Amino acid sequence: MEDIKKIAFTICAKNYIGLAQTLEASIKAIQDDVLFLIFVADEFGEGLAIQLPDNVIIAGEKLAIPKSQWYEMAFKYDLTEFCTSIKPSCFKYILQNYDVDACIYFDPDILVFNTLDAIYEKLNDYDILVTPHITTIETIYTGSLNERNLLYSGMFNLGFLALRNGDTAIKLLNWWEERLKDRCFQNMMENYFTDQKWMDFLPSLFPTNLLISTDLGLNLAPWNFYEREVFQVENKLYVKNRILAKDELYPLTFVHFSGFNYKALIKDEVIQGNIKGLGMPSDLDIIFSHYTKALKTSNISKFISLSYSYNFFSNNQSISLVYRRLFRRLLDDGKVNYNPFEESATLYKALANHKLLTSEMAVNDKTNASNIGDIESKTIKINKFFTLLFKLIGAQRFFLLTRLMRLYSKPENHVYLIDKEYIKHFKIWN
């Protein structure tokens, strides 16, 4: 084992290695006693001539995940789900292979502004440190991110997690890892939000080992911009609560630029993709200035054009989210004993035989009510159809049907399209 007392790490696909290095550089510029590791949840083909940094770990080659399970997870999960699903396994790899006191996880779209020692010091007294999305109670909520979205995503943001090496951490990681094998989906109907929603259990399961930090300088992010104001005092950045009449200042430790288009930031454009109508007070300009500068001097261009390996079958046919979810159902029912990425596999053949293998399928994955063209005329036609249907079947059957349609919005329930046996085997997911 290597004798490294402080470790931080991130997880990404290979095209984000440069972004991860931007995070790494921000840490190294402040302190050099932290070993930073980049776990890549992806593959590098034999013809890919790229010299990888020494701190890059190809996760599929190092983690204690059986190869068959690795491919099953990589197929049924999309990129975000998959990267988050292996987070506990990455933690375990570090704790088992390094003589380390504490370990911090950061999402790759984070920039560190201050020493991490305050976090590591808290882990002298606690085993687990998490940051809530928001910390201020308001009778009339003023945040840009709808409170319903916070209920869906969970109370804590898992773009950051700090653990002290010990029995409690291993107990947590074993519990978490088991659940993320097949319950790391982002699915509102099933109350899953990748690896994150599971952390709502922490206050109940680890009441004396857990620190829920209300330090406003930890995990400054779009969902809490409305409550946290940034100040500069003698070339150092601080945060205070912009809602409460308090002057308490917290050193700005790290900012999570979640949902921002970093390619646009390099061009000095601020584009937020996740929160519509996000409030951007002018005091935040300084943190974006720092991040833009860091991105412009980064190594992003070296990796950004690389494709995520698990977005394609072995013959380079694109994999749609629909294929992933159909596979999930087959896997849950014990019908899979093959590598789903292979062109020769049962899944690929079934999709091809039933004319589901089209390039448009993967394109449609990104289409929703907010970006589909001519949404108004389309909904008018649908409403007219439902009006006719209502008249034909009556109110009772009509509203029963609409409730059932919610279940049919799940691609998993359309596996009968590639396996006729499923016409008689409907599944209500729970």
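Rounded to the nearest 20 debye, the dipole size of segment 320-424 about its Cα centre is 540 debye, using +1 on the Cβ of Lys and Arg and -1 on the Cβ of Asp and Glu. Remark: relative contact order (the chain) = 17 percent; criterion is Cα-Cα distance under 8 angstrom and separation of 6 or more residues. Going from the residue with the fewest nearby Cβ atoms within 10 Å to the one with the most, I418, I319 rank I418, I319. Sparsely packed loop sites in segment 364-430 (the chymotrypsin sites (Phe, Trp or Tyr not before Pro) outside DSSP H, G, I, E and B with at most 15 other Cβ atoms within 10 Å) comprise F426, W429. Based on DSSP H segments of at least four residues, each scored -39500 (n - 2.57), the chain has a per-residue ellipticity at 222 nm of -10500 deg cm²/dmol. Computed extension length for I423-K296: 40.3 nm, one decimal, from 0.36 nm per residue of separation with the Cα-Cα distance subtracted. Taking amide H as placed 1.01 Å from N in the peptide plane, the amide H of L237 sits under 5 Å from that of L252, each at least 5 places away or on another chain. Considering only F91, N368, I170, the residue lying farthest towards the positive end of the dipole of the chain is N368, judged by Cα position with unit charges set on Cβ.
Between 0 and 90 degrees, the angle of helix 17-28 with respect to the longest Cα principal axis of the chain falls at about 20 degrees. Judged by the ratio a/c of the largest to the smallest principal axis of the C-alpha gyration tensor, segment 320-424 counts as oblate, that ratio being 1.5 or greater while a/b is no larger than b/c.
Where a ≥ b ≥ c are the square roots of the eigenvalues of the C-alpha gyration tensor, would you call segment 52-206 rounded, which needs a/c under 1.5, or, failing that, prolate if a/b is larger than b/c, or oblate? It comes out oblate by the Cα gyration axes. What separates the Cα centres of segment 301-362 and segment 99-169 is a distance of 34 Å.
Between S204, S305, S314, the Gaussian network model of the chain with springs among Cα atoms under 10 angstrom shows the greatest mean-square fluctuation at S204.
Counting only alpha carbon atoms, the long axis of helix 67-76 and the longest principal axis of the chain meet at about 70°. Fewest neighbouring Cβ atoms within 10 Å first, the residues K384, K296, K424, K87 line up as K424, K384, K296, K87.
In plain terms, the chain from I375 to T387 could stretch by 2.5 nm, reckoned as 0.36 nm per residue minus the Cα-Cα distance.
I'd like to know which of T358, M188, V233 lies farthest towards the positive end of the charge dipole of the chain, counting +1 on Cβ of Lys and Arg and -1 on Cβ of Asp and Glu. Of T358, M188, V233, it is T358.
Computed from the coordinates by the stated procedures, all read-outs in this text should not be read as laboratory data. Just so we're clear, the structure is a prediction, and the values are computed from it rather than from any experiment. Cβ coordinates were reconstructed from backbone atoms using ideal geometry, including for glycine residues, and neighbour counts include every protein chain displayed.
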